[in-house]
Amino acid sequence: MPLMYVPGVARVFYDSIQNSRHAQADYVAVLDGSWALAVAVCDGAGDDSDAADAAQISAQIAAAVTGSTNSGVQGLHTARTHLQQRNEDAPPGQEGITTAVVAAITPGFLDMAWVGDSPAWAVRLDGRVIPLTVPSCHPCGKPCNVEEKHEGEGTWPHRLLTYTDDYARIILASDGLTAHLPLAGRADHMNAMLDELARMAAPDLAGEYVAASLLDLARRGRGGDNTTIAVIDLLAHEGEPA
């Protein structure tokens with residue numbers, strides 16, 4: 001499982017599984033930029049190389065720009081420009097769609113931006129898990145994805161700015177993580193996962209173990225969706241009791 005260690009900021013454990021899909025249409029990019037540690041998780045809509053292309057392009061560009069600007073919003077706007085060009089040049093029917101959740105992390109602060117239904121949570125020092133995103137927008141629905149902005153109401157991209165003083169870790173994922181939930185739970189998969197995450201991602205557990213456990217959970221999900229997990233262990237409180 002890949003690991004990135006940024007002195008004074010975080011350890012990031014991240015990995016993806018293809019599961020039973022024909023293509024791996026998830027992509028995760030991690031970059032220690034000049035202004036921030038950037039982590040981007042993208043989930044291509046579909047099960048083909050075009051979805052995979054869209055996810056890879058978007059994650060790599062979003063992470064690069066976010067890390068150099070400390071702005072997830074700027075990262076996604078730049079990714080949108082490049083994905084639009086890719087899709088304009090693609091033969092008809094080979095356009096790519098993807099969700100994205102991007103975190104810019106500096107000591108004590110988080111700037112997060114997202115489009116579509118990819119989720120993120122924070123695990124607090126006291127063990128409580130809180131949702132960070134509100135992924136109510138299916139990438140092929142409203143639409144709300146890296147290339148297409150909301151029609152009518154709503155901002156694009158969604159954004160969260162918050163202090164991380166009481167966070168032990170942050171978890172980014174593609175929605176394959178929640179595919180094991182009953183269909184009723186999938187309608188609100190952010191809150192439906194809170195009890196499981198409180199148990200499986202508790203602050204006293206090692207980040208590498210948490211990421212592996214969550215991927216194992218995803219392997220048992222309905223439909224065998226691609227799944228990507230990024231566990232970001234913040235170092236500001238390392239060694240402190242929960």
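The values are calculated or read from the model by the stated rules, or taken from the named source; none is laboratory data. Every value quoted in this text rests on a predicted model; they were computed, and no experiment measured them. Note: ideal-geometry Cβ built from the backbone for every residue, glycine included; neighbour counts use all protein chains shown. Ligands, DNA and RNA are excluded from the accessible area calculation, which covers all protein heavy atoms including side chains. Shrake-Rupley method; radii C 1.70, N 1.55, O 1.52, S 1.80 Å.
Numerical summary
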| item | result |
| --- | --- |
| Calculated FRET value between residue 208 and residue 35, using beta carbons and R₀ = 30 Å, to 0.05 | 0.65 |
| Residues of the chain: accessible area per residue with a 1.4 Å probe, Å² | 42 Å² |
| Residues listed by number, region 73-93, amide nitrogen under 13 Å from residue 149 label point at 7 Å toward C-beta | 77-78, 80-81 |
| Interchain or long-range residues, amide H under 5 Å from residue 169's placed H | 123, 234 |
| Heavy-atom SASA rank of 47, 165 (probe 1.4 Å, accessible area, largest first) | 165, 47 |
| Mean projection area, nm², convex hull over Cα of the chain | 11.9 nm² |
| Linear extension gain, residue 106 paired with residue 48, 0.36 nm per residue minus alpha-carbon span | 17.4 nm |
| The chain: relative contact order in percent, alpha carbon pairs under 8 Å with at least 6 residues between | 23 percent |
| GNM result for the chain, Cα springs below 10 Å: residue of 53, 32, 195 fluctuating most strongly | 195 |
| Under the Karplus curve 6.51 cos²θ - 1.76 cosθ + 1.60, θ = phi - 60°, whole-Hz ³J(HN,Hα) for region 101-113, x wherever Gly or Pro sits | 9, 10, 10, 10, 10, 10, x, x, 8, 10, 10, 10, 9 |
| Ranking by accessible area, most exposed first, for 117, 15 with a 1.4 Å probe | 15, 117 |
